[in-house]
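Worksheet: the structure to be examined is printed underneath.
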Amino acid sequence: MARHKGLSFYQKKRGISAGIVKEIAVWIFSGLVMVLIAFMFIYLFGIRTSVIGYSMEPTLYNGQEVLIDRFAYNIGQPKQGDVVIFRPNGNENAHYYVKRIIAVPGDTVLIRDGLIFVNGDIYDDQGIFDKIEDGGIAEAGVTLEEDEYFVLGDNRNNSEDSRSSNIGVVRKEYMTGKAWFHMGSKDMRPGFIK
């Protein structure tokens, strides 16, 4: 009996080609790299905290969220004017404090007649902030040692900061990082912190 050549409904089995395996591997590798990059970005720049209290007004407001750059001080030093996040005396049980650096290691800070003097010169705050009513420990002058920073809240008369003996100077090791972006509030748009 002869077989007729006609329609055949049988298909050859296809094997998995090397090209398909390579493409799948590239997709998996790309996905893992993207997850790693996202994790690193969040770890370095994406930590956020809320401002507690009114000590940083008019720059930042109570309840406003800020993003912390934890990487900035691993490669560089905190500078005068930076807004930093720290825990007083490194106390892990304390909430984060948000303050502005006024003086850096080696500087001498003196607060007299409502004015801030850094190394004998009046600290230039462009007249934005109120005169200081209480100089605290800085009334006698404070000279900063290595890795010590003098910080103040922008709302000078409503801030617990380096003038207070229970906060004092802030060591670099106690700083979580630099505040670099605020999330906005009901009357402020999100933006970079100056």
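When residues in region 78-94 are screened for being at pLDDT 85 or above, over 11 Å from MET175 (Cα atoms) and either of a type outside the set (Asp, Glu) or in contact with a Cys (Cβ under 8 Å, 6 or more places away or on another chain) (or both), 3 of them pass.
Looking only at region 27-40, decide whether some residue is loosely packed, with under 15 Cβ neighbours inside 10 Å and either touching a residue at least 12 places away in the same chain (Cβ under 8 Å) or part of a loop (DSSP other than H, G, I, E, B) (or both).
No, the conditions are met nowhere in region 27-40.
Restricted to region 113-137, and to residues there that are exposed (fewer than 13 other Cβ atoms within 10 Å of the Cβ) and not in a loop (DSSP other than H, G, I, E, B), the residue that is modelled with the lowest pLDDT is ILE122.
For region 88-100, a residue qualifies if it is in contact with a strand residue (DSSP E or B) (Cβ under 7 Å, 6 or more places away or on another chain) and touching a residue at least 60 places away in the same chain (Cβ under 8 Å), and the qualifying residues are PRO88, TYR96, TYR97, VAL98, LYS99. In region 56-75, the residues that are under 22 Å from ASP125 (Cα atoms) form Cβ pairs under 6 Å with partners that are surrounded by 20 or more Cβ atoms within 10 Å (Cβ to Cβ) and acidic (Asp, Glu), at six or more places apart or across chains, as follows: MET56/ASP154; THR59/ASP154. Going through region 71-107 one residue at a time, which ones are in a loop (DSSP other than H, G, I, E, B) and of a type in the set (A, V, I, L, M, F, W, C)? Passing the criteria: PHE71, ALA94, VAL104. LEU110 passes every criterion in (1) outside any loop (DSSP other than H, G, I, E, B); (2) modelled with pLDDT under 90; (3) over 17 Å from ILE167 (Cβ atoms) apart from (2).
The values are calculated or read from the model by the stated rules, or taken from the named source; none is laboratory data. Computed from a predicted structure; not experimentally measured. Using ideal geometry, Cβ is built from the backbone for each residue, glycine included, and neighbour counts are taken over all protein chains shown.
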